[in-house]
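Asks: This is the structure I want to talk about, given as structure tokens.
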Protein chains: 2
Amino acid sequence: MNIDSVDLFYASMPEVTLEADGSQDALLVRVTAGGHVGWGECEASPLTSIAAFVTPRSHGVCQPVSASVLGERIDGPDDIARIAHAVERNSMDLLQAAHTWSGIEIALWDLLGRIREEPVWRLLGYEESHAKIPYASMLFGDSPQETLEHARTARAEGFRAVKFGWGPYGTGSVAADADHVAAAREGLGDDTELLVDAGQIWGDDLERASLRLESLEGARATWLEEPFSAHAFGAHAALAARARTVGIAGGEGAHSPHMAKNLIDFGGVRFVQVDAARIGGIGPSKAVADHAARRGVTFVNHTFTSHLALSASLQPFAGLADHRICEYPVHPKQLALDMTAQHIRPDASGEISAPDAPGLGIDVDLDALAPYLRDVEIRVDDEPLFASPMPRRRTPRVNAVA
Amino acid sequence: MNIDSVDLFYASMPEVTLEADGSQDALLVRVTAGGHVGWGECEASPLTSIAAFVTPRSHGVCQPVSASVLGERIDGPDDIARIAHAVERNSMDLLQAAHTWSGIEIALWDLLGRIREEPVWRLLGYEESHAKIPYASMLFGDSPQETLEHARTARAEGFRAVKFGWGPYGTGSVAADADHVAAAREGLGDDTELLVDAGQIWGDDLERASLRLESLEGARATWLEEPFSAHAFGAHAALAARARTVGIAGGEGAHSPHMAKNLIDFGGVRFVQVDAARIGGIGPSKAVADHAARRGVTFVNHTFTSHLALSASLQPFAGLADHRICEYPVHPKQLALDMTAQHIRPDASGEISAPDAPGLGIDVDLDALAPYLRDVEIRVDDEPLFASPMPRRRTPRVNAVA
């Protein structure tokens with residue numbers, strides 16, 4: 001069978017703030033082939049990713065993503081890899097292509113899994129979907145006292161691992177950062193894993209990052225995530241060499257499997273965090289997971305959006321029993337919860353698993369999604385290149401507030 | 001003064017083919033501040049890059065490029081670096097941002113240079129603009145005989161260095177590739193430098209690439225360019241270790257200065273080729289040039305479009321006397337020639353230089369550009385996000401043919 005259509009749905013909360021919260025909007029992808037349907041999601045700027053799908057070509061290796069996808073044969077996983085290769089080549093000079101393609105790739109795995117009535121992790125060659133320990137991801141408080149309270153709450157909710165990040169961390173003094181980290185440890189008690197996310201705050205400034213190692217190791221932090229820009233491998237490696245007990249983590253910015261592997265091979269990370277919805281989908285994520293396992297590095301998903309994206313990002317390491325920790329969007333925006341009919345919930349022991357169900361095991365709820373949809377229209381030389389597949393006139397916002 | 005406006009002009013040839021020829025379209029950037037004007041160019045998918053400028057924000061670090069640019073103070077080079085840092089942070093998760101920002105950054109240098117009546121290379125700290133040896137860039141012929149003829153023509157035109165690339169190279173047998181390379185050398189004679197561009201054809205397949213080394217070294221090729229994917233640093237380094245006389249070249253795909261520096265530090269390239277219109281502009285290109293010089297690596301511009309882009313990509317290494325070779329678009333499409341009032345031509349000794357004139361020393365000819373302009377309109381929820389700054393109803397193409 002062949003790919004008959006690719007529909008892109010841009011949804012967002014009525015208000016999108018400057019929080020570092022990726023669940024405020026979404027770009028969903030629906031692929032149809034031979035009467036079957038699969039769904040995926042891009043963790044990416046929706047409008048820009050839509051443009052990368054429909055843009056007029058610039059030359060032979062700067063073609064729109066659509067050129068390598070529409071009409072292509074899709075009978076099995078090898079076809080996904082073949083199309084991925086075509087996108088990589090034909091859209092070589094179209095930077096956004098990897099983000100657009102990620103959601104399509106995920107939808108193709110979902111589609112194949114539904115046809116074969118197999119979960120995607122089985123199509124990837126895994127025999128089993130091993131349970132993971134979800135960590136709660138939250139922002140540092142504005143004050144250490146607030147961080148302490150957040151930590152206590154997360155512990156009370158039963159999380160065995162908690163990540164604090166962004167907010168004031170890294171922007172002020174070394175002592176202020178140390179206070180936050182100590183407060184987090186105090187609130188979590190002795191038995192909860194503490195993870196810290198610096199959100200690339202130090203650019204490639206090794207010295208500023210190094211000054212934080214003492215407080216992180218004093219608080220027995222498991223990892224320090226994204227101390228530097230995603231491409232600053234040398235700085236990552238130098239910091240990893242200076243650290244004694246805390247591991248360096250990173251990888252969410254990877255938009256090709258090479259980039260994540262480089263962070264392992266040249267950046268010295270102990271944890272590689274891959275977002276399937278950015279790196280090119282599930283296939284490239286699995287390649288990174290294999291590489292990580294060979295190198296003794298722990299693979300972790302990056303997910304801050306919906307449970308469709310969560311399922312997609314769990315598949316690549318579902319079968320790796322020793323890679324235990326996983327990111328779990330604990331308090332996403334309502335959009336991210338409403339858009340799917342099923343949700344991946346912690347079991348009695350507080351662990352989560354990639355669903356044992358066909359495809360990704362998550363159905364998109366189009367009715368629930370409808371109020372969040374945004375109408376996009378792109379025209380070049382008066383010809384329509386894109387119009388949203390389910391245009392919906394919503395109540396004007398000013399009335400919604402009144 | 002402050003940045004008052006950023007206008008994006010999408011221009012293209014009437015027909016855009018599948019050739020690997022980046023001069024078939026263009027995204028020009030006009031920036032105004034305090035009544036002054038500067039021009040830049042993105043070497044990027046125009047529609048996608050426009051979308052990255054105007055897209056609604058997704059969250060705090062996935063903001064449109066416009067959010068970090070419009071209204072910002074611009075009094076000197078430090079302001080360009082400050083805005084670049086803001087774009088990097090605020091658009092961290094917007095992959096296309098680097099390509100959009102590149103053209104704006106170039107326009108800001110042009111604007112400052114025109115105000116100060118200094119060429120950009122002087123603002124970068126160089127005392128002199130040293131002449132470069134332009135190499136002619138051409139496609140391999142369909143047959144070795146055709147390659148031979150192309151080589152003879154280039155030599156007759158007086159070029160002291162010629163690059164062959166793409167076409168059949170790397171797609172067939174090792175022997176066929178060897179025939180093409182030998183034909184190129186034969187046509188060029190003994191004294192002309194031969195450069196070969198594989199256009200990423202081998203992905204990360206070290207063995208397939210290695211099989212070509214013998215014929216390249218037999219023909220005394222100076223470099224083998226882009227044997228692998230832009231991020232495949234390990235494969236680059238392994239091939240560089242196997243090569244004896246031919247240097248590995250690459251870097252045109254770099255969309256951050258770290259990425260180009262990594263290709264030097266981890267990829268073992270002997271030539272780093274930077275496109276200012278992709279890597280984030282002139283400032284990041286200069287940082288790579290400095291790094292290359294420290295590491296004993298030769299900096300080369302990548303330019304396949306207009307003479308505005310050529311001037312921009314010459315500035316970062318204009319003052320490096322020992323970095324002699326430069327890419328020169330010999331037969332670009334008419335659009336790339338028509339869009340500027342001045343052109344950078346070889347002097348009596350066949351060499352070219354970054355202009356000794358204010359800014360980039362190249363004026364955009366808006367009247368000549370007009371017939372090539374394309375009208376873009378982007379609407380979200382019925383609100384216009386973008387409309388081309390100089391809409392022009394061209395004669396319908398069917399009539400133009402009649």
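The values are calculated or read from the model by the stated rules, or taken from the named source; none is laboratory data. All figures in this text were calculated on a predicted structure; none of them were measured in a lab. Every residue, glycine among them, receives a Cβ derived from its backbone with ideal geometry; neighbour counts consider all protein chains shown. Quick note on the areas: whole protein, heavy atoms, side chains included, nothing else; ligands and nucleic acids left out. Shrake-Rupley method; radii C 1.70, N 1.55, O 1.52, S 1.80 Å.
Asks: Which value, in Å², gives the accessible area per residue of the range A:269-380 when a 1.4 Å probe is used on the protein heavy atoms?
Replies: Working: 3370 Å² over 112 residues.
Accessible area per residue: 30 Å².
Asks: Additional query: Pull out a ≥ b ≥ c, the square roots of the eigenvalues of the alpha-carbon gyration tensor of the range B:1-146, then state rounded if a/c is under 1.5, prolate if not and a/b is larger than b/c, and oblate in the remaining case. Let's see the in-between values first.
Replies: Details: a/c = 2.14, a/b = 1.29, b/c = 1.65.
Since a/c reaches 1.5 but b/c is at least a/b, the shape of the range B:1-146 is classed as oblate.
Asks: Another question, if that's okay. Mind giving me the FRET efficiency for A:E157 and A:E127? R0 is 35 Å, r the Cβ-Cβ distance, nearest 0.05 is fine.
Replies: Working: r = 32 Å, r/R0 = 0.92.
With a Förster radius of 35 Å, E is 0.65.
Asks: I would also like to ask the following. Suppose R0 equals 51 Å; then what is the FRET efficiency for A:M13 and A:L211 from their Cβ-Cβ distance, rounded to the nearest 0.05? Working shown, then result.
Replies: Values: r = 37 Å, r/R0 = 0.73.
With a Förster radius of 51 Å, E is 0.85.
Asks: Oh, and also: Restrict the search to the range B:1-41; then list the GluC sites (Glu not before Pro) that DSSP places in a loop and that have at most 10 other Cβ atoms within 10 Å of their Cβ. Each step should come with its number before you reach the end.
Replies: Details: sites: B:E15, B:E19, B:E41; in loops: B:E15, B:E19.
Sites meeting the loop and neighbour criteria: B:E15.
Asks: A further question on this structure: I need the shape label for the range B:7-60. Rule: rounded when a/c is under 1.5, else prolate if a/b > b/c, else oblate, with a, b, c from the alpha carbon gyration tensor. Intermediate results must be reported in sequence, preceding the final value.
Replies: Working: a/c = 2.98, a/b = 1.34, b/c = 2.22.
Judged from the Cα gyration tensor, the range B:7-60 comes out oblate (a/c at least 1.5, b/c at or above a/b).
Asks: Might you tell me the accessible area per residue for the range A:142-246, computed with a 1.4 Å probe and given in Å²?
Replies: Averaged over the residues of the range A:142-246, the accessible area is 40 Å².
Asks: Next up: Restricting the count to DSSP beta bridges whose residues both fall in the range B:98-250, what percent are antiparallel, rounded to a multiple of 5? Display every interim value, and only then the final one.
Replies: Values: 0 of 16 bridges.
Approximately 0 percent, going by the DSSP bridge assignments.
Asks: How many percent of DSSP beta bridges within the protein assembly as shown run antiparallel, rounded to 5?
Replies: Working: 54 of 108 bridges.
Rounded to the nearest five, the antiparallel share is 50 percent.
Asks: At a 1.4 Å probe, which residues in the range B:363-385 are at least 30 Å² less accessible with all protein chains present than in their chain isolated?
Replies: With the partner chains in place, the range B:363-385 has these residues losing at least 30 Å²: B:R374, B:D375, B:E377, B:I378, B:R379, B:V380, B:D381, B:D382.
Asks: Treating only the Cβ atoms of Lys and Arg (+1) and Asp and Glu (-1) as charged, compute the dipole magnitude of the range B:72-179 about its Cα centre; round to the nearest 20 debye.
Replies: 180 debye
Asks: Hey, another quick one. Separation of the range B:113-159 and the range B:217-264 by C-alpha centroid, Å?
Replies: Using only Cα atoms to place each centre, the spacing works out to 20 Å.
Asks: In the protein assembly as shown, what percent of the accessible surface is made up of carbon and sulfur (1.4 Å probe, ligands and nucleic acids excluded)? Walk me through the numbers before you get to the answer.
Replies: On the way: 13660 of 27840 Å².
Answer for the protein assembly as shown: carbon and sulfur cover 49 percent of the accessible area.
Asks: Contact order normalised by length for the range A:222-315, with contacts defined as Cα pairs under 8 Å and 6 or more residues apart; what percent is it? All intermediate terms of the calculation are to be shown ahead of the outcome.
Replies: Working: 166 pairs, mean separation 23.1, N = 94.
The value is 25 percent.
Asks: Give me the distance between the Cα centres of the range A:305-357 and the range A:182-208, rounded to whole Å.
Replies: Cα centres, the range A:305-357 to the range A:182-208: 24 Å.
Asks: Let me ask another. Got a sec? Which residues of the range B:252-281 lose 30 Å² or more of accessible surface with every protein chain in place, vs. that chain alone, 1.4 Å probe?
Replies: B:H255, B:H258, B:N262, B:F266, B:R278
Asks: Can you list, shortest first and in nm, the gaps between the label point of A:G34 and those of its counterparts in the other copies, using a point 7 Å from Cα in the C-beta direction?
Replies: For A:G34, the inter-copy label distances come out at 6.6 nm.
Asks: Which of the listed residues, A:G250, A:F266, A:L206, is farthest toward the dipole's positive end in the range A:181-297, when Lys, Arg count +1 and Asp, Glu count -1 at the beta-carbon?
Replies: Looking along the dipole axis, the top candidate is A:F266.
Asks: For the protein assembly as shown, what is the calculated [θ] at 222 nm in deg cm²/dmol (nearest 500), taking -39500 (n - 2.57) for each run of four or more DSSP H residues and dividing by its residue count? It would help to have the intermediate numbers written out before the result.
Replies: On the way: 34 runs with 298 residues, N = 804.
The per-residue figure over the protein assembly as shown is -10500 deg cm²/dmol.
Asks: Run through the other copies and list how far each one's label point is from that of B:G158, in nm with one decimal, shortest first; the point sits 7 Å from Cα along Cα-Cβ.
Replies: Result, one decimal in nm: 8.1.
Asks: May I ask you to list the trypsin sites (Lys or Arg not before Pro) in the range B:157-246 that are in a DSSP loop and have at most 15 other Cβ atoms within 10 Å of their Cβ? Can you show the working numbers first?
Replies: Numbers: sites: B:R160, B:K163, B:R185, B:R208, B:R212, B:R220, B:R242, B:R244; in loops: B:R160, B:R212, B:R220, B:R244.
Loop-located and lightly packed - B:R220, B:R244.
Asks: What total accessible surface area, summed over both chains, is buried at the interface between chains A and B, computed with a 1.4 Å probe and given in Å² to the nearest 100?
Replies: Numbers: alone 16580 and 16610 Å², together 27840 Å².
Answer for the A-B pair: about 5400 Å² buried.
Asks: Short version: which residues of the range A:72-90 lose at least 50 Å² of accessible area, all chains versus chain alone, 1.4 Å probe?
Replies: A:R89
Asks: Using modelled backbone amide H atoms (1.01 Å from N, in-plane), which distant-in-sequence or interchain residues come within less than 5 Å of A:F386's amide H?
Replies: Answer set, sorted by chain and number: A:I378.
Asks: Report for chain B the percent antiparallel among DSSP-assigned beta bridges with both residues inside it, nearest 5. The partial results should precede the final answer.
Replies: On the way: 25 of 52 bridges.
Within chain B, antiparallel bridges account for around 50 percent of the total.
Asks: Next up: What's the magnitude of the charge dipole for chain B around its Cα centre, counting Lys and Arg as +1 and Asp and Glu as -1 at the beta-carbon? Answer in Debye, nearest 20. It would help to have the intermediate numbers written out before the result.
Replies: Working: 34 positive and 56 negative charges, 70 e Å.
In debye, rounded to 20, chain B gives about 340.
Asks: Hey, another quick one. What shape does the range A:208-308 have by the C-alpha gyration tensor, where a ≥ b ≥ c are the square roots of the eigenvalues, rounded means a/c under 1.5, and otherwise prolate means a/b greater than b/c and oblate the rest?
Replies: Working: a/c = 1.95, a/b = 1.66, b/c = 1.18.
It is prolate, given that a/c is not under 1.5 and a/b is the larger ratio.
Asks: Dipole magnitude of the range B:250-341 about its Cα centre, charges +1 at Lys/Arg Cβ and -1 at Asp/Glu Cβ only, in debye to the nearest 20?
Replies: Details: 8 positive and 7 negative charges, 35 e Å.
I would put it at about 180 debye.
Asks: Show the residues, 5+ positions off or on another chain, whose built amide H is closer than 5 Å to the amide H of B:D197.
Replies: So B:D197 has HN proximity to B:F164, B:G165, B:W166, B:E225.
Asks: Considering only A:W121, A:S137, A:L47, whose Cα is most displaced toward the positive end of the charge dipole of chain A, charges sitting on Cβ of Lys, Arg (+1) and Asp, Glu (-1)?
Replies: A:W121
Asks: Which one, B:L111, B:I282, B:L216, is farthest towards the positive end of the dipole of the protein assembly as shown when Lys and Arg carry +1 and Asp and Glu -1 on their Cβ?
Replies: B:L216
Asks: Okay, moving on. Ordered shortest first, which distances in nm separate the 7 Å Cα→C-beta label point of A:E214 from those of the other copies?
Replies: 6.0
Asks: For the pairs A:K261/B:K163; B:K132/B:K286; A:K286/B:K261; B:K163/B:K333; A:K163/A:K333, note any where the Cα-Cα span goes beyond 25 Å. Don't jump to the answer; show the numbers that get you there.
Replies: Working: A:K261/B:K163 32 Å; B:K132/B:K286 16 Å; A:K286/B:K261 28 Å; B:K163/B:K333 18 Å; A:K163/A:K333 18 Å.
Beyond 25 Å between Cα atoms: A:K261/B:K163; A:K286/B:K261.
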